[in-house]
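Engineer: Pasting in a structure now, in structure tokens, and then I'll have a few things to ask.
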Amino acid sequence: MKFSRRLFLEGVAALSIALAIPAIAQADDFKMGLLVPGSVSEEGWNRIGFNALKGVESQLGAKISYVELQQNPASFEKAFRDYASQGYKVILGHGFEFQDAALEVALDYPDTYFLISSSSIHEGNVIGLNTDTSQPFYLMGVIAAKMGKKAGLVGGMEIPPIQQAFAGFKNGAKSVNPDFPISEAYIGNFTDTTAAKEAALSMISQGADFVVPNASGATVGGYQAIAESGKDVRSFSIFSDFTPVAPNNILGLYVADYAQGVVEVVKSIKDGSPPTENVIFGLKDPKVMSFTFRDDGPVSVPAEIRAEVKAISDKIAAGEIKTGGE
Amino acid sequence: MDDMMFLTFLATLAGAAWRLATPLIFASIGEVFSERAGVLNIGLEGTMLVGAFCGFAAAFATGSVPLGLLAGIAGGMLFGLLFAFFTITIKADQIVVGAALNLLGMGLTAFLFRTYYVSTGKGIEIAQPVHIPFLSDIPFLGEAFFRQNLIVYSTVLVAILASLVLFRTSFGLTLRAVGEHPKAVDVAGRNVAAYRYGAVMVGTGLAGLGGAFLTLGHSNQFVEGITSGRGFIVLAVVVFARWSPIGAFFVSLLFGLFYALQLMLQAQASIIVPYQVLQALPYIMTIITLVVLRGKGAAPSKLGQPYEMR
Amino acid sequence: MAQVNQGVRETVYPQAAQTFYRTLSQIAISAVTPIAAVLVALAFGAALLWLNGFNGSDIVTVMIFGSFQDMRSVGEILLKATPLILIGAGLCVAFRCSIWNIGAEGQLYAGAIAATLVGTSFTGLSVWVHVPLVMLAGALAGAAWAGIAGYLKVRFQASEIVTTIMLNYIALILTSYLVTGPMRDASAAYPQSARLIREAWTPRIVSDMRLHIGILVAIVLAVALYIFLQRSSRGFALRVVGLNPHAARYAGMQVARNVMLAMCISGAMAGLAGAFEVAGVTHRLYQNISPGYGFEGIAVALLAGNNPLAAIVSGGLFATLRSGSEVLQITSQVPQVLVLVIQGIVILSVVAFAKLRDILRIVA
């Protein structure tokens, strides 16, 4: 009995050594990990984080890895520790909700950089990266108020990135017409494309002619509703290119190349000069945030509105217009 | 809100309710068959996901909606075969197997979708609305009821057909007897197990169709967990509907109505009730109904019990 | 050593030792089925990986052994096991009584809400008062939430399968309302409650690990439930009601009271699990506080053959699988949802092997 136990222990020891060897061999590699709060298979928020990771891999030659955590706060801290203890130099927590866990873990791993998406923190080696989505949504609000009669916003759950975007939209629309009607609905999850579609359809039936869905995986349902409602309903494509879904309705694209922003930040860390304060990407960073108009659609934004939007965009970039907040 | 606005609101509401009810109608009518034969399948969430995924994959490969629907039904039935084997042949507990199939359905569809379709991001052509001549031009009513796609229209047909089969054919009679007095059926020389297999096949085939509607008749993509709990709602619908196909049709509509109402009322800035109250309403109502329509009533007396053949 | 034992058996405590050995061999026999089931599921998982272009052997090298890198990862597994053991052991009692409580998820949320309410109020209490108070609140809320379904079953013959599922949704929606509305921490951007008062936090076992005393509570309670079911007359009554309610009624047992008891015990355990998630892990209430522990707990109970003692092992196993699937995704990019497939197959295999054993017994 004694013998077999020793054998077992030896076996376990041998196994753990075998498992540890590759880890040691790779210690020199520059490694980056990613934590996402959902599935990277969906067009939307999680895919953006994934693309950022891929960008760092292809442009900086880093070894990469990611883990999907299904918005379960209990598992965040463990995932950070797993990566940090395996010698990952940079770990991106893709979402504000990762901040508390990162702060906790960061104390034990001072040489690792913890980047947090949509956060404005800067505490030691925890650095917030915020894409200010309220800025492009502000521009969409301006366009909606100038070209439409009523706007509709379909959200997934009431969480900050979505609330922030919608606040920008409302502020933009109100800057043109303080009484511009805007309705807002949340489907309560990020998977029910059917609900997103019906929410958009019902808004359209109640007179909305400028509709923007923002519900991660379920977003596509919103664009389908827009596409089926004829070309009098306008929209903007957000995060990804949804023009194939609603070719007659989408006036332009807001695409965030968050990857480019993250690559810049990670490069600065790799080169030994990490950011000294929290990072905010906005319209001032055209490489990261592109806001473009379509010319190949049946309806396009008139030149004079484009000029106005350009002027507003410049002002936002210069910090002269505050887009977020109620 | 003036009268015209209100009528538009109602018309949109009714149309949306029917579409949101469609997957529930298919799956709940299917489950009525299954439960009438004494088989309680709580694995419908997984079954519907399999239907949604198979439908999407087939339509993605062939570009054909009808083939996609067939694949959805076939996928559901294949999954149902697994359920039937374990519950009828092996006589394992139906709840246990149903719970396992839910896990299996969620896991398999997500795993396969992620492995093969993640990077494509492409959708499929879905069934388009068919405007019924003349009727679709009736103000308000036309919009609500006569501008849907064929899958939505077919729910009426399925409900009527199911009701006829269940209550007017000898197959239906025997099937119901299997759920009430399986011993009598056995004595009369009919094969109880075969009828139960049949009932489960009908049930899971329709559940697969309900799932496939989500990807082929409404959204044009598969999303992990796209059923969003509909498979569980179906179980409530069946009880609420007192195990009747026509009842299942209307109770599903009621659930669809609440769901649509909830989405539409949120968009009305003047509503001050938290939208969560509206979201919870169908569930609370189901419980109240169970209390009001108390007692066993129409519940098949051998529901959930394996049958030991002599 | 065996010889020494034999001596003991023959001379000193013949009766006790024999019982001990019989129990031991019974445990060994009853352990065969779950072990075989897990092996089948892992083989299936490996085949699934291999068929889809991944490395099939990863499932053993990474998923099982990869989870045990150091003390910390073991601690994390036990942390995950805590709610699974609590819920699983509680459900064993309900299932033994043939009560199909599918609502552990909702009961967990009810417990989490109550624990948050108690944990964010009452400043100035000592740890010795506040920690048990939070646990008690969680357990009571869970029991009450389950009690609704129990009462509806007893009083109105409403199917607990349907009512518990409905109550799951209602609890989830209630939580969503509370953390975006009345209980929301106004200073935070993310919808979450205020942080629990430090005195209400479940104490950690080792200060630099997240593992808290909840795991010990879970194990103690699982053992207690086992003794309750096997040794007490009330536990016996519960099992009889589960096997044959009519016979139980003839024997003068109060079916309704036993149904309520089974429901409330399982609810209290799930509510306690919710309290530990809030007070021991996140320290705040969130909308998605449980990644489906309530549903996984059903599988834990089934794998344990509705034996609370075995639920400790099966809860640990499921926690290992879940942890391992995270490691597997990090190292090999295998979709984490694989764990659901494996869990599903585990249950089906348990069912199939149990049947096989019956057949073999009949043949023999």
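Engineer: Checking B:Phe33 against (1) aromatic (Phe, Trp, Tyr); (2) crowded, with 24+ Cβ neighbours inside 10 Å; (3) modelled with pLDDT under 95, which test does it fail?
Structural biologist: Against the list (1) aromatic (Phe, Trp, Tyr); (2) crowded, with 24+ Cβ neighbours inside 10 Å; (3) modelled with pLDDT under 95, B:Phe33 comes up short only on (3).
Engineer: Still on this structure, I have one more. Considering only region C:273-282, state which residues are of a type outside the set (Phe, Trp, Tyr) and open to solvent by less than 10 Å² (accessible area, probe 1.4 Å).
Structural biologist: Selection gives C:Ala273, C:Gly274, C:Ala275, C:Glu277, C:Val278, C:Ala279, C:Gly280.
Here is a yes/no grid of residues against (1) in a helix (DSSP H, G or I); (2) under 19 Å from A:Thr243 (Cβ atoms); (3) in contact (Cβ under 8 Å) with a residue 40 or more places away in the chain:
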site: A:Lys284; (1), (2), (3): no, no, no
site: A:Thr292; (1), (2), (3): no, yes, yes
site: A:Asp295; (1), (2), (3): no, yes, no
site: A:Val301; (1), (2), (3): no, yes, yes
site: A:Ile305; (1), (2), (3): yes, no, yes
site: A:Ala311; (1), (2), (3): yes, no, no
site: A:Asp314; (1), (2), (3): yes, no, no
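Engineer: OK, next. For region C:320-335: of the residues being open to solvent by less than 20 Å² (accessible area, probe 1.4 Å) and part of a loop (DSSP other than H, G, I, E, B), which is nearest to the other protein chains (Cβ to nearest Cβ)?
Structural biologist: Result: C:Pro335.
Engineer: Out of region C:237-253, which residues are touching a helix residue (DSSP H, G or I) at 6+ places or on another chain (Cβ under 8 Å) and either surrounded by 24 or more Cβ atoms within 10 Å (Cβ to Cβ) or outside any helix (DSSP H, G or I) (or both)?
Structural biologist: Matches in region C:237-253: C:Leu238, C:Val241, C:Ala251, C:Met253.
Engineer: Checking C:Asn288 against (1) away from chain A (no Cβ under 14 Å); (2) over 9 Å from the mean Cα position of the chain (by Cα); (3) open to solvent by 10 Å² or more (accessible area, probe 1.4 Å), which test does it fail?
Structural biologist: (1)
Engineer: Would it be correct to say that A:Gly95 is in contact with a Ser or Thr (Cβ under 9 Å, 6 or more places away or on another chain) and farther than 29 Å from B:Leu112 by Cα?
Structural biologist: No: the conditions fail for A:Gly95.
Engineer: Please give the number of the condition B:Val96 fails out of (1) in contact (Cβ under 8 Å) with a residue 24 or more places away in the chain; (2) within 10 Å of another protein chain (Cβ to nearest Cβ); (3) closer than 27 Å to C:Gly103 by Cα; (4) among the β-branched types (Val, Ile, Thr).
Structural biologist: Against the list (1) in contact (Cβ under 8 Å) with a residue 24 or more places away in the chain; (2) within 10 Å of another protein chain (Cβ to nearest Cβ); (3) closer than 27 Å to C:Gly103 by Cα; (4) among the β-branched types (Val, Ile, Thr), B:Val96 comes up short only on (1).
Engineer: Quick one: would you say A:Gln59 is out of contact with any Cys (no Cβ under 7 Å at 6 or more places or on another chain) and modelled with pLDDT under 80?
Structural biologist: Here the answer is no, as A:Gln59 does not meet what is asked.
Engineer: Same structure again: Looking at region C:48-101, which of its residues are at pLDDT 90 or above and small (Gly, Ala, Ser)?
Structural biologist: C:Ala81, C:Gly88, C:Ala89, C:Gly90, C:Ala94
Engineer: Can you report the number of residues in region A:152-161 which are open to solvent by less than 10 Å² (accessible area, probe 1.4 Å) and within 14 Å of chain C (Cβ to nearest Cβ)?
Structural biologist: Summing the residues that are open to solvent by less than 10 Å² (accessible area, probe 1.4 Å) and within 14 Å of chain C (Cβ to nearest Cβ) in region A:152-161 gives 2.
Engineer: Can you confirm whether region C:254-262 contains a residue that is among the basic types (Lys, Arg), surrounded by fewer than 21 Cβ atoms within 10 Å (Cβ to Cβ) and away from chain B (no Cβ under 14 Å)?
Structural biologist: yes
Engineer: Is it true that C:Thr116 is under 23 Å from C:Thr180 (Cα atoms), surrounded by fewer than 24 Cβ atoms within 10 Å (Cβ to Cβ) and either among the β-branched types (Val, Ile, Thr) or without any contact (Cβ under 8 Å) to a residue 60 or more places away in the chain (or both)?
Structural biologist: no
Engineer: Go over the candidates C:Leu338, C:Leu317 one by one and state the one that is in contact (Cβ under 8 Å) with a residue 24 or more places away in the chain, within 22 Å of the chain's Cα centre (by Cα), open to solvent by 40 Å² or more (accessible area, probe 1.4 Å) and at negative phi.
Structural biologist: That would be C:Leu317, the only listed residue that is in contact (Cβ under 8 Å) with a residue 24 or more places away in the chain, within 22 Å of the chain's Cα centre (by Cα), open to solvent by 40 Å² or more (accessible area, probe 1.4 Å) and at negative phi.
Engineer: Within region B:244-257, can you find the residues that are open to solvent by 10 Å² or more (accessible area, probe 1.4 Å), of a type in the set (A, V, I, L, M, F, W, C) and out of contact with any Phe, Trp or Tyr (no Cβ under 6 Å at 6 or more places or on another chain)?
Structural biologist: Result: B:Ile246, B:Phe249, B:Phe250, B:Leu253, B:Leu254, B:Phe255, B:Leu257.
Engineer: Let me ask another. Is it the case that some residue within region C:350-359 is assigned to a helix (DSSP H, G or I), at the interface with chain B (Cβ under 7 Å from one of its Cβ atoms) and crowded, with 17+ Cβ neighbours inside 10 Å?
Structural biologist: yes
Engineer: State all residues of region C:146-168 that are over 20 Å from the mean Cα position of the chain (by Cα) and polar (S, T, N, Q); if no residue qualifies, say none.
Structural biologist: C:Gln157, C:Ser159, C:Thr163
Engineer: Scan region C:261-281 and tell me whether some residue there is without any contact (Cβ under 8 Å) to a residue 12 or more places away in the chain and not aromatic (Phe, Trp, Tyr).
Structural biologist: No, region C:261-281 contains no residue that is without any contact (Cβ under 8 Å) to a residue 12 or more places away in the chain and not aromatic (Phe, Trp, Tyr).
Engineer: I'm checking my understanding of the structure. Among residues of region B:51-88 that are touching a helix residue (DSSP H, G or I) at 6+ places or on another chain (Cβ under 7 Å) and of a type outside the set (A, V, I, L, M, F, W, C), which one is surrounded by the most Cβ atoms within 10 Å (Cβ to Cβ)?
Structural biologist: B:Gly51
Engineer: Taking the condition free of Cβ contacts under 8 Å to residues at least 40 places away in the same chain, hydroxyl-bearing (Ser, Thr, Tyr) and open to solvent by 20 Å² or more (accessible area, probe 1.4 Å), does B:Tyr153 pass?
Structural biologist: Spelling it out, B:Tyr153 is indeed free of Cβ contacts under 8 Å to residues at least 40 places away in the same chain, hydroxyl-bearing (Ser, Thr, Tyr) and open to solvent by 20 Å² or more (accessible area, probe 1.4 Å).
Engineer: Just checking, how many residues over region B:140-169 are part of a helix (DSSP H, G or I) and closer than 30 Å to B:Met5 by Cα?
Structural biologist: 12
Engineer: Of C:Ser290, C:Ser233, which residue is of a type outside the set (Phe, Trp, Tyr) and touching a residue at least 40 places away in the same chain (Cβ under 8 Å)?
Structural biologist: C:Ser290
Engineer: Would you confirm whether or not region C:163-179 contains a residue that is open to solvent by 20 Å² or more (accessible area, probe 1.4 Å), within 16 Å of C:Val118 (Cα to Cα) and either at pLDDT 90 or above or within 14 Å of chain B (Cβ to nearest Cβ) (or both)?
Structural biologist: Within region C:163-179, one or more residues are open to solvent by 20 Å² or more (accessible area, probe 1.4 Å), within 16 Å of C:Val118 (Cα to Cα) and either at pLDDT 90 or above or within 14 Å of chain B (Cβ to nearest Cβ) (or both).
Engineer: Looking at region A:239-268, which of the residues that are touching a residue at least 60 places away in the same chain (Cβ under 8 Å) and aliphatic (A, V, I, L, M) is surrounded by the most Cβ atoms within 10 Å (Cβ to Cβ)?
Structural biologist: Checked region A:239-268; the qualifying residue surrounded by the most Cβ atoms within 10 Å (Cβ to Cβ) is A:Val262.
Engineer: Quick test for you: out of A:Lys89, A:Lys63, A:Lys54, pick the one residue that is under 22 Å from C:Val327 (Cβ atoms), within 14 Å of chain B (Cβ to nearest Cβ) and surrounded by fewer than 23 Cβ atoms within 10 Å (Cβ to Cβ).
Structural biologist: A:Lys54
Engineer: Tell me, please, whether a residue that is more than 21 Å from C:Glu76 (Cα to Cα), at pLDDT below 90, among the aliphatic types (A, V, I, L, M) and in contact with a Gly (Cβ under 9 Å, 6 or more places away or on another chain) can be found in region A:108-124.
Structural biologist: yes
Engineer: Here are the criteria: (1) without any contact (Cβ under 8 Å) to a residue 24 or more places away in the chain; (2) open to solvent by 20 Å² or more (accessible area, probe 1.4 Å). Tell me which single one A:Phe190 does not satisfy.
Structural biologist: Every condition holds for A:Phe190 apart from (1).
The values are calculated or read from the model by the stated rules, or taken from the named source; none is laboratory data. As the structure is a computational prediction, the values presented were derived from the model and not from experiment. Quick reminder, even Gly has a Cβ in these numbers, built from the backbone with ideal geometry, and neighbours come from all protein chains shown. Side chains are part of the model used for accessible areas, which takes the heavy atoms of the whole protein and leaves out ligands, DNA and RNA. Shrake-Rupley method; radii C 1.70, N 1.55, O 1.52, S 1.80 Å.
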